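**Q** Below is one structure. I have some questions about it.
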Amino acid sequence: MGERKPPKRGRPKVERGAHIFWRNGRAYGDFRAYADVGGTKSSLAESGKTWGTNDPALADALFAAELTRLQEKRRTEAGAQQGRNTTLNVLVRDHLIKKRKANKTSLSHLNDLDQRLRVAIEFFGTKRDPRTIEPDDVRRWTEDLAKDGKRKPGTVRHFLNALSGLYGRAQEGLYVEKKYNPVSELQEKPTGWSGRSEATSFEVHEAALILEAARIVEKRNRMNATPGLHTLIGMFLLTGGRASEVLGLDVDDVSFDRGRVYFRPNEHRGLKTRTSRRDVPLWPQARELLQQWMFGGANGPRTSGLLFPSNTGGVIRDIRRSLDAVGRLCGMRPGEVRTKAFRHTYASARLATVETFLKPGHKPTEPDAWGFVEVAQDKVSRELGHGGFGLVKYVYGHMSRTTYRSTDVEYRIEQHTNVLGQRLATVLPTAGRD
């Protein structure tokens, strides 16, 4: 007897989901993924006929009906409750309501989920049974989202993540089979990291130029500019806060006595993650801006409520038009001045600051008693609301093209007149004290 050869090692067999295939112009369904409940290859034929239909629309309907029957049979045999039918529209509504009640998702993220899932409903159909959506259907949706370059790969991935989370809710409600998720079964998914260019970040002198431009825009066009635009942009640049965090600040979130700005949930908005709850230094320039905004206005002191209310008293939702007006004054492209760039700018400027410490064995009044040390990356990460310092190290920390060292984060136009030079004189002719 010859020696038995060991089995060949290869890739494990991957079971493909149920699908339609055509042969000689006739439609057939492959239901072998449901072999445990009698699924097999069979023709998609009308009642009383044996030949598969040659009508694509009818084939889709017959396939969906048989797939639903097999799925229901599997769930019944597994002991799942019967009659758990739903539509995509109802499932989305239930998903968003439960997320809102759980109060673990920020309002801005809930709005994003709502918009993305509405796009899914438009593509798949309002009354579509979620059990009938196959990986191939999701792939076609992915291609439609990216059609003609209208959405970047990273944005498409956000849409897929929203649909994937919806199927987690469907599993919880026993509306689909356990662990069934057509998004997770896709072999190739778009990603935002491929070929991604470095995010926009401004040099300290550029940020000073932007802040000065905001002052001029607000003064020239008080009726149409975002209320408190100058101070608002200053708070973005001097705290590194996200858009929803800064726009949703309350007056009580600023402590002049403790010298801190607090990012914490309130009635206007939540926070992105648990680590987003934090406090950051109230830098001297931020103190000056806020004191003028809160106590120097014509409407009297601001003692409660939103720090930056809209003209109607609610949260300001969109400041992009005002940011573009500021950018035009600085000679920048439309869309270049954005709040995300301010967040990157703060991180880079903060990493360039130094902290003082008392040298061992010295008294504070002695000469050369104080030393300087660069701020730690983990400290900057905490000020940005990150759980680790990887994002600061690899994403938010940008190499400065000019030498900058200070004990404070600040963007004062008078400190950078030599660097800005002709740009300051031509782009902002009124930047001298008007």
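Every number here is computed from the coordinates shown, using simple stated rules; none is lab data. Nothing here was measured: the structure is a model prediction, and the numbers come from that model. Here the Cβ positions follow ideal geometry from the backbone for every residue, glycine too, while neighbour counts run over all protein chains shown.
**Q** Nothing charged except the Cβ atoms of Lys and Arg (+1) and of Asp and Glu (-1): what's the magnitude of the dipole of the chain about its Cα centre? Round to the nearest 20 debye.
**A** Around 1120 debye, computed over the chain.
**Q** Using only alpha carbon pairs under 8 Å that are at least six residues apart, calculate the relative contact order of segment 19-77 and give it in whole percent.
**A** So the answer I get is 28 percent.
**Q** Can you compute log10 of I(q)/I(0) for segment 65-182 with the Debye formula, treating each Cα as one identical point scatterer, at q = 0.15, 0.17, 0.19 Å⁻¹?
**A** Listed by q, the Debye log ratios stand at -0.69, -0.87, -1.05.
**Q** With unit charges on the beta carbons (Lys and Arg positive, Asp and Glu negative) and the dipole taken about the Cα centre of the chain, which residue among 216, 159, 301 sits farthest to the positive side?
**A** The one lying farthest along the dipole's positive direction is 159.
**Q** Can you give the translational diffusion coefficient of segment 110-172 in µm²/s, computed by Stokes-Einstein from the Kirkwood radius over Cα pairs at 25 °C and 0.890 mPa s?
**A** Here the translational diffusion coefficient equals 203 µm²/s.
**Q** Separate question: Compare the Cα positions of 420, 255, 52 along the charge dipole of the chain (+1 at Cβ of Lys, Arg; -1 at Cβ of Asp, Glu; about the Cα centre) and return the one farthest towards the positive end.
**A** 52
**Q** Assuming R0 = 25 Å, what is the FRET efficiency of residue 277 and residue 393, from their Cβ-Cβ distance, to the nearest 0.05?
**A** 0.65
**Q** Between residue 136 and residue 105, take the C-beta separation as r, use R0 = 35 Å, and let me know the FRET efficiency to the nearest 0.05.
**A** That gives a FRET efficiency of 0.70.
**Q** Rounded to the nearest 20 debye, what is the charge dipole size of segment 285-340 about its Cα centre when +1 sits on each Lys and Arg Cβ and -1 on each Asp and Glu Cβ?
**A** 180
**Q** With the alpha-carbon atoms as the only input, what is the per residue convex hull volume for the chain in Å³?
**A** Dividing the Cα hull volume of the chain by its residue count gives 283 Å³.
**Q** For a label point 7 Å from the Cα of residue 357 along Cα→C-beta, name the residues of segment 271-297 whose backbone N is under 20 Å from it.
**A** Label zone hits: 281.
**Q** Take segment 279-400, compute every pairwise Cα distance, and split them into 5 Å bins from 0; I just need the percent in each bin.
**A** 2, 9, 11, 13, 16, 17, 14, 8, 5, 3, 2, 0
**Q** Based on DSSP H runs of at least 4 residues, each adding -39500 (n - 2.57), what is the mean residue ellipticity at 222 nm of the chain after dividing by all its residues, to the nearest 500 deg cm²/dmol?
**A** -12500 deg cm²/dmol
**Q** Given N residues in segment 204-427, what is Rg(Cα) / (2.2 N^0.38 Å)?
**A** Rg over 2.2 N^0.38 Å, computed on Cα atoms: 1.05.
**Q** Would you mind checking the pairs 147/340; 179/393; 272/393; 127/150; 147/178; 127/179 and listing those with alpha carbons more than 28 angstrom apart?
**A** The pairs that break the limit, which is 28 Å between Cα atoms, are 179/393; 147/178.
**Q** Note the full-extension length gain between residue 375 and residue 32 as 0.36 nm times their separation in residues minus their Cα-Cα distance, in nm to one decimal.
**A** Gain in length upon complete extension: 117.4 nm.
**Q** Follow-up question, since we're still on this one. Sequence-distant or interchain residues sharing an amide H contact under 5 Å with residue 19, placed H: which?
**A** 30
**Q** Let me ask something else about it. Taking amide H positions as placed in the peptide plane 1.01 Å from N, state which residues far from residue 375 in sequence (5 or more) or on other chains have amide H under 5 Å from it.
**A** Answer set, sorted by chain and number: 353, 355.
**Q** Can you find, among 409, 170, 229, the residue sitting farthest towards the positive end of the charge dipole of the chain, where Lys and Arg contribute +1 and Asp and Glu -1 at Cβ?
**A** 170
**Q** List the lysines whose Cα lies under 30 Å from the Cα of residue 363, skipping any in the same chain that are fewer than 8 positions away.
**A** 379
**Q** If you place +1 on the Cβ of every Lys and Arg and -1 on the Cβ of every Asp and Glu, how big does the dipole about the Cα centre of segment 99-213 come out, in debye to the nearest 20?
**A** 620
**Q** Please report the relative contact order for segment 297-399, taking Cα pairs under 8 Å with a sequence separation of at least 6, and give it as a percent rounded to a whole number.
**A** 19
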